[in-house]
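Read the structure below first, then the notes.
Just so it is clear, none of the values below were taken in a lab; they were calculated from the coordinates. Predicted model only: the values in this text are computed from it and were never measured. Quick reminder, even Gly has a Cβ in these numbers, built from the backbone with ideal geometry, and neighbours come from all protein chains shown.
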Amino acid sequence: MDNFYTKLLDNNRKFVEDTLKLDPEFFKDLAKEQHPPLLWIGCSDSRVPANQITGTRPGEVFVHRNIANMVVHTDMNMLSVLDYSVNVLKVKHVIVCGHYGCGGVKAAMGNQSIGIIDNWIRHIKDVYRQHQDELDAVQNEEERFNKFVEVNVKEQVFDLAKTSIVQGAWRNGQDLTLHGWVYGLNSGYVTDLEVDLDSNKDLDNVYQLQFKK
Ligand code: CO
């Protein structure tokens, strides 16, 4: 067995020991219930771990990750996570966190077929098409890539706001704000894109849902 693998369980034992040293009741308390104030929708990329980069502990962040932090409105996995976190856990914040240098976004800018993933990446290509003029206007390829990462995150925040789940929560007066962030792989810093949505007013009219009484 390779060294990396065998160390995982050793690391886990050390994690338990270290945690219990600080708080002997930590796991006992955590096992009872969870009240995370935050749902994190991030990229699967191994370099963007939700808890570490936000300094949060077990119990504080409900997490959904996929390639390029997408909010695809037919994705039952994402919808289930969103519904549970909004309607059962009553999270107050949802952060869509993309990152510069995202392989999924890079692939969406090109034409190379990679495999089944092409069909996932197509959703990102749709974002490019929606913002084609703005993106094509950026001459430098690196800058265009960065811009595309940002635009994609903003679009996913709006896609979250379009869901019946989020609009239903707003309609019920629930305290829920959506945010868009981009993480810098080479700096460790997050850029807040300041798309903070807490109502459906900023959506195009056709997406604004009205609910039966
Ligand atoms: Co990525």
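Annotations for the structure displayed:
- Both numbers refer to the Cα atoms of the chain; Rg and Dmax are 19.1, 61 Å.
- Label zone (D10, point 7 Å along Cα-to-C-beta; backbone nitrogen cut-off 13 Å) within the stretch 40-69: none.
- Nitroxide proxy distance, nm - points 7 Å out along Cα→Cβ at H73 and N51: 3.4
- Classification of the stretch 10-50 by its C-alpha gyration tensor yields an oblate form. The axis ratio a/c (a ≥ b ≥ c) is 1.5 or more, and b/c is at least a/b.
- Placed amide H near R65: partners under 5 Å, 5+ positions off or other chain: G42
- Distance cut-off 15 Å, percentage of C-alpha pairs in the stretch 87-134 lying past it: 57
- Candidate cross-link partners of K125 among the lysines, defined by an alpha-carbon separation under 28 Å and a same-chain spacing of 8 or more, comprise K106, K147, K154, K162, K201.
- Test item: Cα-centred dipole of the stretch 38-207, Lys/Arg +1 and Asp/Glu -1 on Cβ, debye: 480
- Placing unit charges on each Cβ (+1 for Lys and Arg, -1 for Asp and Glu) gives the stretch 1-119 a dipole about its Cα centre, and among V94, V16, L79 the Cα reaching farthest toward its positive end belongs to V94.
- The Q174 and D126 beta-carbon pair, evaluated with R₀ = 35 Å, returns a calculated FRET efficiency of approximately 0.75.
- What the phi angles of the stretch 91-102 give under the Karplus curve with 6.51, -1.76 and 1.60, with θ = phi - 60°, is a coupling list of 4, 9, 9, 10, 10, 8, 10, x, 8, 5, x, 5 Hz, glycine and proline written as x.
- Those residues of the stretch 61-87 whose amide nitrogen sits under 18 Å from the label point placed on H35, 7 Å along Cα→Cβ: 61-62, 85-87
- Cα centroid separation - the stretch 119-174 against the stretch 11-88, whole Å: 23
- Top of D133, D175, D23 by mean-square fluctuation, Gaussian network on the chain, Cα under 10 Å: D23
- Size-normalised alpha-carbon gyration radius of the stretch 1-87, reference 2.2 N^0.38 Å: 1.31
- Prolate/oblate/rounded label for the stretch 56-96 (Cα gyration tensor, a/c 1.5): oblate
- Using a Förster distance of 22 Å, the FRET efficiency for K90-K201 (Cβ separation, nearest 0.05): 0.50
- Take the Cβ atoms of D2 and D192, set R0 to 45 Å, and the FRET efficiency comes out at 0.70.
- For the stretch 119-213, the relative contact order comes to 23 percent (Cα pairs under 8 Å, sequence separation of at least 6).
- Considering only V138, V151, V91, the Gaussian network model of the chain with Cα springs below 10 Å gives its largest mean-square fluctuation to V138.
- Shape class for the stretch 133-197, computed from the alpha carbon gyration tensor (a ≥ b ≥ c): oblate, with a/c not under 1.5 and a/b at or below b/c.
- Each DSSP beta bridge with both residues in the chain is either parallel or antiparallel, and the antiparallel ones are about 20%.
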